[in-house]
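K.L.:
Below you will find the structure I want to go over with you.
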């Protein structure tokens, strides 16, 4: 019989939060808060768009070339300027939750998972998809 003073633990023993990013110590809104879906989608469209344009110009619009250009853009720009071109144009930044520089391996893992699509579609209550959770990153408002 459940005890009313000690409610059952939630899946993953995660305490409920009032807003996305609260459990991560991020603000509710404004600079440093978790990026919402609208900006994320616009950033992704920008990144995929420039990959398509470069592929069209140099590789006859090849699907593999588009994917490789997208991956290179993510892996190069996240550690150097804090996010992809799309992230930066939409006012977003990728951070490491452990603090400090995001490094090289996090953008590689994050991007490969993003390209698999499914990890990017599974989100938690902090509005972080598996492609951010696994490498320990978060997409925030810059």
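The numbers here are math on the coordinates, done by the rules we state, and not lab data. The shown structure was predicted, so the numbers you read here are calculated from the model rather than taken from an experiment. Glycine gets a Cβ as well: all are built from the backbone with ideal geometry, and neighbour counts include every protein chain shown.
K.L.:
Is the shape of segment 79-142 best called rounded, prolate or oblate, per the rule: a/c under 1.5 gives rounded, else a/b larger than b/c gives prolate, else oblate, with a ≥ b ≥ c the square roots of the Cα gyration tensor eigenvalues? Show your work: numbers first, answer last.
P.N.:
Details: a/c = 1.39, a/b = 1.30, b/c = 1.07.
Here segment 79-142 falls in the rounded category.
K.L.:
Here is a further query. Between residue 28 and residue 122, what is the label-to-label distance in nm when each label sits 7 Å out along the Cα-to-Cβ direction?
P.N.:
Label at residue 28, label at residue 122, 3.1 nm between them.
K.L.:
Could you calculate the contour length gain from residue 105 to residue 42, that is, 0.36 nm times the residue separation minus the distance between their Cα atoms, to one decimal place in nm?
P.N.:
Working: separation 63, 0.36 × 63 = 22.68 nm, distance 2.47 nm.
The span from residue 105 to residue 42 would gain 20.2 nm if fully extended.
K.L.:
Residue 53 to residue 72: extension gain in nm, 0.36 nm per residue of separation minus the Cα-Cα distance?
P.N.:
Full-extension gain reported as 5.4 nm.
K.L.:
Roughly how tilted is helix 105-115, in degrees to the nearest 10 and between 0 and 90, from the longest Cα axis of the chain?
P.N.:
80 degrees
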